[in-house]
Amino acid sequence: MKHYLSILMVAALVAGILPSHAQMSGPPVPQFSGGMEKLFGDNQTFSADTRIQISNGSTPMTMPGKIAFDKGNSWFELDMSQMQGGNIPAQVLTMMKSAGLDKMVSITQSNKPVVYVVYPNAKAYAEMTSPTPDTASTNADVPVQVTALGNETMAGHPCVKNKATVTDKQGVKHDFTVWNATDLKNFPVQITMTGEENPATFTFLNVSFAKPNPGLFTPPTGFTQYDGIQEMMQSIMFKSLGSGVLPGGAVPQQPPQQ
């Protein structure tokens, strides 16, 4: 039961971390809001591998992932089984993989104020309403101030290091440090969120400007749909524990109760 609760806490934590930092604005929906797409300049169609580091006191956490973006549509995948740091027990990560909670995908569409949170290995997803439907089109006039800080090499690319301040539609300022690769159409190969309680750093690797597959930005077919993330995670875990499928062949003594 202890590890069962730990898994739900970790999955909920990541489900919260991803939206807050992927958006760079705070509301719990994984999309580019608050005018974050302004940091990518003219690069509004791309895909890349990602490395995300969340600074959380003395126990920073790092996660690998992938991203695809196409003019306001976004697809973001995190591999939670590969998380490092954060004082998360290795057994919890193993159990998450066994239950199908190891990979999480978020999908947003530019013309819909919703986000789809998907667990592909569990064939499950939940649709949620975005409280702040900021899209690339609505953020066309979002102001951004950029100040050059110098030149550095980042992720193997010569970069101009910039301080960027974006003021979103609500008038809230968001501060970033951005490394724009001069050999990659000024693509921001690294973005660090500053001025937040738990700063996050996104590093983009293997960047491609080819148009992503449009199918990435649609909810999956043949998956079970749930009303919310918590209900979805609990259902997935209950099924895993109820079937006795646990690492090392252990069988739970009591099924968890809702």
- Within the range 210-227, can one find any residue that is in contact with a strand residue (DSSP E or B) (Cβ under 7 Å, 6 or more places away or on another chain) and without any contact (Cβ under 8 Å) to a residue 12 or more places away in the chain? no
- Message: Conditions first: (1) modelled with pLDDT under 80; (2) more than 23 Å from Ile229 (Cα to Cα); (3) of a type outside the set (Asp, Glu); (4) loosely packed, with under 15 Cβ neighbours inside 10 Å. Asn198 passes all but one, so which condition is the exception?
- Response: (2)
- Query: Could you say which residue among Phe223, Phe187 is over 19 Å from Val105 (Cα atoms), modelled with pLDDT of 80 or more and surrounded by 12 or more Cβ atoms within 10 Å (Cβ to Cβ)?
  - Reply: Phe187
- Message: Please verify whether Asn162 is more than 22 Å from the chain's Cα centre (by Cα) and open to solvent by 30 Å² or more (accessible area, probe 1.4 Å), treating the condition exactly as stated.
- Response: no
- Query: Restricting the range 21-43 to residues that are assigned to a loop (DSSP other than H, G, I, E, B) and of a type in the set (S, T, N, Q), which is modelled with the lowest pLDDT?
  - Reply: Ser25
- Conditions: (1) at pLDDT 90 or above; (2) buried (at least 20 other Cβ atoms within 10 Å of the Cβ); (3) in a loop (DSSP other than H, G, I, E, B). Phe46 meets all but one. Number of the miss? (3)
- Task: Restrict the check to the range 72-83 and report whether at least one residue is open to solvent by less than 20 Å² (accessible area, probe 1.4 Å), part of a loop (DSSP other than H, G, I, E, B) and under 23 Å from Ala164 (Cβ atoms).
- Result: yes
- Task: Return the total of residues in the range 84-112 being in contact with a strand residue (DSSP E or B) (Cβ under 7 Å, 6 or more places away or on another chain), touching a residue at least 60 places away in the same chain (Cβ under 8 Å) and at negative phi.
- Result: 6
- Look through Thr192, Thr153, Thr177 and report the one residue that is open to solvent by 30 Å² or more (accessible area, probe 1.4 Å), among the polar types (S, T, N, Q), in a strand (DSSP E or B) and at pLDDT 85 or above. Thr153
- Would you call Lys211 in a loop (DSSP other than H, G, I, E, B) and either on the phi < 0 side of the Ramachandran plot or not acidic (Asp, Glu) (or both)? yes
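The values are calculated or read from the model by the stated rules, or taken from the named source; none is laboratory data. Just so it is clear, the structure is predicted and the values come from calculations on it, not from any experiment. As a convention, Cβ positions derive from the backbone with ideal geometry for all residues, glycine included, and neighbour counts pool all protein chains shown. Accessible surface areas use protein heavy atoms only, side chains included; no ligands, DNA or RNA. Shrake-Rupley method; radii C 1.70, N 1.55, O 1.52, S 1.80 Å.
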